[in-house]
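Okay, structure first, notes after.
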């Protein structure tokens, strides 16, 4: 993926290219993981936590786990449900994919 902003605002893929939500990227790209979650952009917030994990060689980095836990906590508060940081991956279907091209809509 080219950048953090491209990754967190990817809405799908067209062959080998990531399809980016350009409006959301322009409006929210400077927000932190916690700020994204507080605004209700949970998929983008979780993607931001995944991106942080990919930048650290130790996948058990406490900072990354903390970000995913923050997203889970805010999600649980806003929706009235209880989710764990581990269940967010299945919930949002976010995986780090290496793509060289992107299409901004």
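A few remarks follow.
- When the stretch 64-83 is filtered for residues that are loosely packed, with under 12 Cβ neighbours inside 10 Å, at negative phi and in a loop (DSSP other than H, G, I, E, B), the ones remaining, listed by number, are 81, 82.
- Checking the stretch 18-35 against the condition returns no match, with no residue being more than 11 Å from the chain's Cα centre (by Cα), at pLDDT below 90 and not in a strand (DSSP E or B).
- Residue, modelled with the lowest pLDDT, within the stretch 47-63, restricted to residues that are under 17 Å from residue 3 (Cβ atoms) and not in a loop (DSSP other than H, G, I, E, B): 54
- Residues located in the stretch 87-103, provided they are within 17 Å of the chain's Cα centre (by Cα) and surrounded by 12 or more Cβ atoms within 10 Å (Cβ to Cβ): 87, 88, 89, 91, 92, 94, 99, 102
- Residue count for the stretch 84-105 satisfying the condition of being assigned to a loop (DSSP other than H, G, I, E, B), under 26 Å from residue 22 (Cα atoms) and free of Cβ contacts under 8 Å to residues at least 60 places away in the same chain: 3.
The values are calculated or read from the model by the stated rules, or taken from the named source; none is laboratory data. None of these values were measured; they are calculated from a predicted model. Every residue, glycine among them, receives a Cβ derived from its backbone with ideal geometry; neighbour counts consider all protein chains shown.
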